[in-house]
Amino acid sequence: MISIILIVSSCFLWSTDLLIREPLEGKIASSDLLVYEYGVAILFLTPWVLSFSYREFKKFKKEHLYGFLFIGLLGSSVGSFFLTNSLFDVGLESYSFFQFLQPFFVAILASRFLGEKFTSKNYLWLGLVLFFGLLLNAPDIQSGVFFETLRNNIPGVLASFIATLIWGSCTIVGKKLLKTYSPLFLSFVRWGVAFLACMGVVLWKGLPTFNALDTKTSATILFLSLISGFLAMVFYYKGLKKLKATSAAYLELFYPVFTFALGAIAQYSEINHWQIIGFLGLSIIIFVKVLFSEKESNAKPYKSSLGSDHSA
């Protein structure tokens, strides 16, 4: 149960990230913002992480390098870049809808690389998730705004879809690496790789500009970096370490659910009965699916199709 609470908590922090990040549109370039986020975390956390996790460097193996590069370069750098751009193009609600596809994608990959069981019931769960997810967007669907936004912002739609695929893949890779490394160390290395990648892109374009960093913006970046960024990732990996990858992916659906709730509160939006049904339906579906899946897993332990626990 603690693992479930940790992932749900990380989803709440991620949802605050989206709301706080959106006002920065047009104020700071996407690549510059990512450099600030990862750079601040590395600057503040390096001494602390090294004092607790320095022994884990001894566990490093060459075959793990590809996993670290994957979650750092794709998951944090490229994935966050697509997130930021899709958020600016299609908006919060439309972006969040694409995340409902992620558990199905993770279930397919987990069956191949982690030995988790994939059955025809996954199609039923996907249908239920998409149905209740559409209900969350009922007002925009009824007015035609939802589909018009998607139709007029194809690049943003593609960015949303790519971000979903990348983060689904990172769940699988992260699960494998957690068999060797701690959540704190894995989060730190992921942030470090992402920082170097983003810095390389920014330097290629030219030095980042600091004239937009007023007090409010700096405080926002500090929150995005340390709280909704690094802390949320540590929570997520702590939960993922104990749960099946598919279960973690379904719990991640609380990310768009919380985003919807916080967005409605922040914008003083009126919530209709269809959205309430969607919110409650999704919450129930997520918990039922996860509890059922974990109970089944405890009854019959699964074995990774890639061999030993220390392969990446």
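The values are calculated or read from the model by the stated rules, or taken from the named source; none is laboratory data. Predicted, not measured: the structure shown is a model, and the values here were computed from it. We place every Cβ from the backbone using ideal geometry, glycine too, and count neighbours over all the protein chains shown.
Checking Tyr123 against (1) surrounded by 15 or more Cβ atoms within 10 Å (Cβ to Cβ); (2) over 17 Å from the mean Cα position of the chain (by Cα); (3) part of a helix (DSSP H, G or I): exactly one of these is not met. Which one?
(1)
Go through (1) in a helix (DSSP H, G or I); (2) over 25 Å from Thr119 (Cα atoms) for Glu294 and report which single condition fails.
Of everything listed in (1) in a helix (DSSP H, G or I); (2) over 25 Å from Thr119 (Cα atoms), Glu294 misses just condition (2).
Yes or no: Phe131 at pLDDT 85 or above, in contact with a helix residue (DSSP H, G or I) (Cβ under 6 Å, 6 or more places away or on another chain) and closer than 20 Å to Leu253 by Cα?
Considered against the rule, which asks whether it is at pLDDT 85 or above, in contact with a helix residue (DSSP H, G or I) (Cβ under 6 Å, 6 or more places away or on another chain) and closer than 20 Å to Leu253 by Cα, Phe131 comes out as no.
Just one of Lys238, Lys216, Lys179, Lys242 is modelled with pLDDT of 90 or more, basic (Lys, Arg) and more than 22 Å from Ser9 (Cβ to Cβ); which is it?
Of Lys238, Lys216, Lys179, Lys242, the one residue that is modelled with pLDDT of 90 or more, basic (Lys, Arg) and more than 22 Å from Ser9 (Cβ to Cβ) is Lys179.
One residue is enough: does the stretch 87-101 have a residue meeting the conditions modelled with pLDDT of 80 or more, farther than 27 Å from Val201 by Cβ and crowded, with 21+ Cβ neighbours inside 10 Å?
Yes; the residues of the stretch 87-101 include at least one that is modelled with pLDDT of 80 or more, farther than 27 Å from Val201 by Cβ and crowded, with 21+ Cβ neighbours inside 10 Å.
So is Lys238 crowded, with 17+ Cβ neighbours inside 10 Å, within 24 Å of Phe195 (Cα to Cα), out of contact with any Gly (no Cβ under 6 Å at 6 or more places or on another chain) and of a type in the set (Lys, Arg) or not?
For Lys238, the condition - crowded, with 17+ Cβ neighbours inside 10 Å, within 24 Å of Phe195 (Cα to Cα), out of contact with any Gly (no Cβ under 6 Å at 6 or more places or on another chain) and of a type in the set (Lys, Arg) - is met.
Every residue in the stretch 23-57 that is small (Gly, Ala, Ser), at pLDDT 75 or above and within 19 Å of Ser76 (Cα to Cα), please.
Gly39, Ala41
What number of residues within the stretch 155-188 are buried (at least 23 other Cβ atoms within 10 Å of the Cβ) and in contact with an Asp or Glu (Cβ under 7 Å, 6 or more places away or on another chain)?
3
Given (1) at pLDDT 90 or above; (2) touching an Asp or Glu at 6+ places or on another chain (Cβ under 7 Å), where does Ser225 come up short, assuming only one miss?
(1)
When you scan the stretch 42-68, how many residues do you find that are part of a helix (DSSP H, G or I) and surrounded by fewer than 14 Cβ atoms within 10 Å (Cβ to Cβ)?
16
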